[in-house]
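Working notes for the structure below.
Since every read-out is calculated from the coordinates, none of them should be taken as a lab result. For clarity, every value in this text was computed on a predicted model and none was experimentally measured. Using ideal geometry, Cβ is built from the backbone for each residue, glycine included, and neighbour counts are taken over all protein chains shown.
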Amino acid sequence: MTFYSELSPSPRTIMTPGPVEVDPRVLRAMSYPILGQFDPEFTSLMNDAMEMIRAVFRTDNQWAFPVDGTSRSGIEAVLVSLIEPGDKVLIPIFGRFGYLLQEIAERCGAEVTVLEKTWGQVFDPEEVISAIHREKPDLVAIVHGETSTGRIQPLEEIGKACRELDILIVVDAVATIGGVPVETDDWCLDAVIGGTQKCLSIPSGMAPITYNERAERKVLRRKRVEKGIRQAGDGIQTGGLDGFSPVRSNYFDLSQLQDYWSPRRLNHHTEMTSMLYALREGLRIVLAEGLDARFARHRLQEAALIAGLTKMGLSLYGDASCKLPVVNCIDIPPGVDGESVRSMLLDSFGIEIASSFGPLKGKIWRIGTMGYSCSRKNVLHLLGALEAVLVRHGVRVPQGLGVQAALDVYDQVPKIT
Ligand SMILES: *Cc1c(COP(=O)(O)O)cnc(C)c1O
């Protein structure tokens with residue numbers, strides 16, 4: 001018989017692009033008693049969450065709800081519901097998560113065309129728009145904030161061009177929602193997927209999404225009647241009629257998910273009670289801070305961190321004009337073992353920073369400044385610790401100046417913590 005020790009995770013300072021630290025109020029929310037999913041008290045919490053998702057995504061869309069699963073589940077639900085086999089899909093790729101969109105779209109049976117950009121850069125919107133004119137896709141899928149390279153793609157012109165041509169545009173805003181402006185309606189985005197464990201600072205496990213009537217129209221054409229729940233006379237067309245193919249997933253079928261989240265509450269899955277509590281409390285905290293104040297806080301912590309890192313003699317990776325404010329990519333100094341630095345930060349200081357993927361593996365560190373982790377205390381703690389660790393690794397660092405440079409930035413804006 002094995003006896004396992006009582007669960008006792010070490011306190012950490014998490015400065016990665018997710019998962020990040022969570023406000024204790026959100027953790028507390030997860031410990032409350034379970035309510036039944038059709039209990040009016042619970043459905044009213046579900047409605048609150050929908051309203052708050054609309055506010056965070058800056059949209060008046062009727063449909064705004066979480067998909068149960070990690071952010072990837074939201075991406076998959078949107079793509080599998082909107083892409084019919086044989087549809088033409090255009091995907092501009094500028095990092096790892098663009099390839100994820102491609103992979104999912106291909107699994108949906110799409111005829112995919114990709115545009116690829118050298119990592120560290122983003123697309124000039126005109127490049128994407130001319131490809132849209134050339135390819136005439138049914139749908140464009142694109143990442144907003146690429147966590148793998150720390151870049152942000154401007155979307156407004158691309159969204160408006162898609163609307164003019166009546167093409168659907170789907171956006172992965174997993175890394176940006178709650179940390180950087182995402183203007184669903186103003187930028188004419190048809191479907192947007194957010195993430196919980198990044199700038200919203202809620203544990204991983206749900207993917208808030210929103211989509212408009214244009215997207216809904218496509219979803220409804222593919223609707224299937226589920227025996228025992230819905231009936232043919234329900235005002236529902238049966239998928240497969242009129243040449244439209246039914247959505248190939250039950251769990252991720254947005255037509256069923258929206259019935260579940262609508263006042264009809266048609267049974268689908270069992271809602272994740274504790275995650276819904278966390279989502280509602282996390283979004284409440286985001287909106288109480290105020291989106292603009294929250295974006296300003298992310299900008300300030302970014303500025304302080306960058307000032308400190310630069311003063312320490314470290315260089316930043318990528319094109320500065322499209323830097324994602326919530327992810328900071330640093331070139332690993334020549335001759336330094338990046339993984340050894342990360343291990344020492346974790347073991348001696350309890351700080352976690354991220355490595356990187358694919359072509360950037362071993363070349364850069366990625367430091368997140370996201371959500372609850374994005375604080376003055378964490379930035380200063382990290383700068384002090386990194387200096388000590390780099391000195392230990394034989395890097396010549398002007399000692400003490402990194403923290404001082406960050407403090408200088410804070411002196412200019414004393415109110416924000
Ligand atoms: C983190 C991330 C994802 C994947 O999220 P999971 O919650 O791990 O499924 C997708 N896209 C982007 C841009 C991300 O940063």
Listing Arg151, Arg107 by rising number of other beta-carbon atoms within 10 angstrom, fewest first, gives Arg107, Arg151
Of the listed pairs Lys160/Lys363; Lys117/Lys223; Lys311/Lys415, those with alpha carbons more than 32 Å apart are Lys160/Lys363; Lys117/Lys223
May I ask you to derive the FRET efficiency for Glu127 and Leu7 from their Cβ-Cβ distance with R0 = 56 Å, giving the value to the nearest 0.05?
0.65
Assigned charges on the beta-carbon of Lys, Arg, Asp, Glu; the chain dipole about Cα centre (debye)
640
Please give the charge dipole size of the stretch 290-412, origin at the Cα centre, charges +1 on K and R Cβ atoms and -1 on D and E Cβ atoms. Round to the nearest 20 debye.
100
Using helices alone, what [θ] at 222 nm do you get for the chain, with -39,500 (n - 2.57) per DSSP H run of 4 or more residues, divided over all residues and rounded to the nearest 500?
-12500 deg cm²/dmol
Quick check: pseudo-label points 7 Å beyond the Cα along Cα→Cβ at Glu135 and Ala296, how many nm apart are they?
4.0
Taking 0.36 nm per intervening residue step and subtracting the Cα-Cα distance, what contour gain separates Asp319 from Val391 on full extension?
23.1 nm
Counting pairs of alpha carbon atoms under 8 Å apart in space and at least six apart in sequence, what relative contact order in percent does the chain give?
22
List Leu346, Leu314 from most exposed to least, where exposure is judged by having the fewest other Cβ atoms within 10 Å.
Leu346, Leu314
The stretch 295-343: relative contact order from alpha carbon pairs under 8 Å, six or more residues apart, as a whole percent, is 35
Cβ-Cβ cut-off under 14 Å around Leu345, Lys and Arg +1, Asp and Glu -1: the net charge is -1
Could you tell me how many degrees, from 0 to 90 and to the nearest 10, lie between the Cα long axis of helix 376-392 and the main elongation axis, the longest principal axis, of the Cα atoms of the chain?
50
Measure nothing fancy, just the Cα-based angle from helix 401-412's long axis to the longest principal axis of the chain, in degrees from 0 to 90, nearest 10.
60
Please report the relative contact order for the stretch 290-412, taking Cα pairs under 8 Å with a sequence separation of at least 6, and give it as a percent rounded to a whole number.
36
Taking Lys and Arg as +1 and Asp and Glu as -1, residues besides Leu316 with C-beta under 12 Å from its C-beta add up to 0
By how many degrees, between 0 and 90 and to the nearest 10, does the Cα long axis of helix 96-107 differ from the longest principal axis of the chain?
20
Ranked by Cβ crowding within 10 angstrom, fewest neighbours first, how are Glu339, Glu281 ordered?
Glu339, Glu281
Cα centroid distance between the stretch 171-219 and the stretch 47-63, in Å?
10
